Structure formats: structure tokens, C-alpha cells
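Have a look at the structure below, then the notes.
Each value in this text was obtained by applying a stated rule to the coordinates, not by laboratory testing. Values in this document were obtained by computation on a predicted structure and should not be read as measured data. Cβ: placed from backbone, ideal geometry, glycine included. Neighbour counts: every protein chain shown.
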Amino acid sequence: MSRWEPNARERLERAAMELFVERGFEQTTVAEIAERAGLTERTFFRHFTDKREVLFSGAERLKELLTASVASAPKGTAPLDAVATALAATSTLFEERRDFARQRQRLIAAHPDLHERELIKLSTLAVAVAEALRRRGVTEPNATLASEVGMAAFRLAFEQWVEDPKRKDLAHHIKKALRAVKTVVT
């Protein structure tokens, strides 16, 4: 193996997902992932802290996108509308990785410890979005409620998106989920 290989992170993600699907999450080792990617374990650990992180490593990028989108919403935008705009902004990010997202979602649904980690990630995102709303001057409890409701709609939309046989984009499913929220609260 050479000392440096291009696209190491992507190769590791692809190899990990292949192995998780073939052998199961628990049965797959970091050594096997690195070998399948044609890299060393040391390279794996330069990119990921553990094999679970392959499934959750995009959380920071997602948080940055959501909070930046909330921050850049036009002045006077209602809190839930600012969150809706931020959620819709994630659509492009996910569309690029739809097949990975589908496989990832199935793995998470099948493993309680991964599902728990996903819920923690979503909770962390909700806290960050609420803070972004507070920085815009939204007071409590409105900031937290808008953020939590938005993330609940996002979770539902994401689950529908990965299983959508018509392959409608995530933004479509987010709008649909937020319309359902408005129906429930009116």
C-alpha cells in the first residue's frame, strides 16, 4: 500500500458500507474496512474515530449548513419558516449521497445502539438550530419549539425520502412533513 492515496475517506466509507451490508455491522472490523479500501488501519483512524463514525461523520457539516441557513434567513422570517428553509438547504447535500443514505438508514434502523446515536445526533442538531434562532432574537420557548418541531419533521422526511420509490428529492419530503406539522397544530 502506498503512503498516500487519493479519496481515502470516500474509499473507506464505500468499503465500510459494503462490508456492513455483506457481513453485518457487528461482524465488520476496522482492519477489514481498511483492507477492502486498500489502505491501512492507521489511515482509517486518521479519518474516523471508530467504525460507527463512518455512519455519523457528516453531522458537523450538517450542523454548519443548518445554522448558517438559519442565520441567513431574511429578517422577520418566522422561526419555523427559518428552520424550514434551513432544512430544505440540506437537500442538495443528501441527494449526492442518496444510495449511501439509504443503506445507512437501514443499518441504523436494525441496530438499537446506532439508532440511539442517530437520535443523539438529531438532538445535537436541534440544540444548534435553537441557538441559531436565539442569535436571531427568537425568544424561548419559541426557539426550542421551532427547532425541535423542525428536526422531528426532518427525521420523518428523511425516512420517507430514503424509501421513496419515485425518488422525489428530500426538499419535497421536508415540505410535506412541515405541511403535516401545520395541519396537526391548527
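Structure data summary
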| quantity | calculated |
| --- | --- |
| Hits among aspartates and glutamates - C-alpha to C-alpha of K168 under 17 Å, sequence gap 8 or more where chains match | E95, E96, D99, E159 |
| At least 27 Å along the helix axis (C-alpha) and Kyte average at least 0.0, DSSP helices within the chain | 112-135, 142-163 |
| GluC sites (Glu not before Pro) within segment 80-151: DSSP coil, no more than 11 neighbouring Cβ in 10 Å | E96 |
| Dipole-positive endmost among G38, F20, A143 within the chain (Cβ charges, Cα centre) | A143 |
| For the chain, size of Cβ-based charge dipole, Lys and Arg +1, Asp and Glu -1, in debye | 560 debye |
| Inter-label distance, nm, simple model (7 Å from Cα along the C-beta direction), R61/D81 | 3.1 nm |
| Listed residue pairs exceeding 26 Å between alpha carbons, taken from K121/K175; K51/K166; K63/K182; K75/K166 | K51/K166; K75/K166 |
